[in-house]
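Here the structure is laid out as structure tokens; the discussion comes afterwards.
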Amino acid sequence: MAHKLSNRRYDVLRRVAIPGGFMQQHVLRGTLSDGSDFEMPACIVCQVADGRITLLEEYLDPAQAEGLRA
């Protein structure tokens with residue numbers, strides 16, 4: 001992703017504490033190599049122990065990620 005998407009940023013829509021960690025909904029935005037804009041909604045669920053992320057699961061729609069495969 002780092003090679004295909006410049007100007008990456010995450011616009012956080014919601015971050016909620018859950019038992020043992022947090023859940024975050026965000027929109028990944030950036031610029032594709034052809035100059036077009038890219039955006040993809042995603043969700044992460046993180047488990048945290050001793051102030052460190054011990055597990056990170058990311059959920060997204062693979063169809064939305066097609067622009068990164070080109």
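The values are calculated or read from the model by the stated rules, or taken from the named source; none is laboratory data. This is a predicted model, so every value here is computed, not measured. FYI the Cβ positions are ideal-geometry reconstructions off the backbone, even for glycines, and counts take in every protein chain you see.
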Examine the stretch 8-28 for a residue that is surrounded by 10 or more Cβ atoms within 10 Å (Cβ to Cβ) and assigned to a loop (DSSP other than H, G, I, E, B), and state whether such a residue exists. yes
If we keep only residues of the stretch 26-50 that are farther than 21 Å from Glu66 by Cβ and not hydrophobic (A, V, I, L, M, F, W, C), then the residue modelled with the highest pLDDT is Gln47
Quick check, is Gly35 surrounded by 15 or more Cβ atoms within 10 Å (Cβ to Cβ) and over 10 Å from the mean Cα position of the chain (by Cα)? no
Condition first: out of contact with any Asp or Glu (no Cβ under 9 Å at 6 or more places or on another chain) and part of a strand (DSSP E or B). Now tell me which residues in the stretch 29-46 satisfy that. Leu32, Asp37, Phe38
Please list, ordered by first then second residue, the pairs with beta carbon atoms under 6 Å, 6 or more apart or interchain, first in the stretch 17-44 and among the polar types (S, T, N, Q), second at pLDDT 95 or above and surrounded by 13 or more Cβ atoms within 10 Å (Cβ to Cβ). Gln24/Ile44; Gln25/Cys43
Counting only residues in the stretch 41-70 that are within 16 Å of the chain's Cα centre (by Cα) and small (Gly, Ala, Ser), the one farthest from Met23 (Cα to Cα) is identified as Gly67
